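The values are calculated or read from the model by the stated rules, or taken from the named source; none is laboratory data. Everything quoted here is computed from the prediction, not taken from an experiment. Note that we place each Cβ from the backbone using ideal geometry, even for glycine, and neighbour counts take in every protein chain shown.
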Amino acid sequence: MPAEIMKRELTVFVMVIATLIIGERQLTADEPTASSWQKWQPLIGIWKAEGKGNPGQGQGTFSFAYDLQNRVIVRKSHTDYPAAQGRSAFAHDDLLIIYADESSHRFRGDYFDNEGHVIRYTAEFSPDGKTLTFISDPSPSQPAFRLTYTMPDATALHIKFEIAPPNAPQDFKVYVEGSAEKS
């Protein structure tokens, strides 16, 4: 076979393989952002919540809203804790930015609050779509955090925030637990 024909066939073969690889990467990268965002739809809106735990009994509101042309979801939360047992009243505000991470092909969440905490989460829905769990990234010197939303129906949520010590990252203990109704 002449060298020129072999060179042309090899070039075509390489182009076909490159097209397949690029196409596969594009499909994989788009996967967490297209139809997967539909799982989040039941959470979108404004919620009225109450709960109790280590900081005391609190009431507040939070919202989930699409932002950046539906490329992220922003959860904003405000909770008021009244004075109790010698402790002054205080408020807790936090922000959670949820996004599809192209490198891991998973949903991630970056959490910030008015106390200076920053938590990096990976988010995952249960197979039935009724439970959403955020697990913090492992760190040998930091506690582990787990935030779970359970959706018994379209207008109600059960919320649980748990903390595990650095030396036992699977030993989660409830820090705050509550419920919410969609407004």
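Beta carbons closer than 9 Å, at least 6 apart along the sequence or on distinct chains, pair a first residue in the stretch 141-160 that is touching a residue at least 60 places away in the same chain (Cβ under 8 Å) and farther than 14 Å from residue 40 by Cα with a second that is of a type in the set (Gly, Ala, Ser) and part of a strand (DSSP E or B) for 159/49; 159/51; 159/178; 159/179; 159/180.
When the residues of the stretch 60-91 are filtered to those that are part of a strand (DSSP E or B) and either in contact with a helix residue (DSSP H, G or I) (Cβ under 7 Å, 6 or more places away or on another chain) or among the charged types (D, E, K, R) (or both), the one that is farthest from residue 46 (Cα to Cα) is 87. Within the stretch 128-147, track down each residue that is among the polar types (S, T, N, Q) and under 17 Å from residue 109 (Cα atoms). Residues satisfying the conditions are 131, 133, 136, 139. Applying the criterion of being in contact (Cβ under 8 Å) with a residue 60 or more places away in the chain and within 17 Å of residue 132 (Cβ to Cβ) to the residues of the stretch 67-104, the residue that is surrounded by the fewest Cβ atoms within 10 Å (Cβ to Cβ) is 101. When the test is whether a residue is part of a loop (DSSP other than H, G, I, E, B) and either assigned by TED's automatic domain parsing to the domain that holds residue 65 or in contact with a Lys or Arg (Cβ under 7 Å, 6 or more places away or on another chain) (or both), residue 129 passes it. May I ask you to verify whether residue 116 is modelled with pLDDT of 95 or more and assigned to a loop (DSSP other than H, G, I, E, B)? Yes: the conditions hold for residue 116.
Of the residues examined, residue 94 is one that is in a strand (DSSP E or B) and among the acidic types (Asp, Glu).
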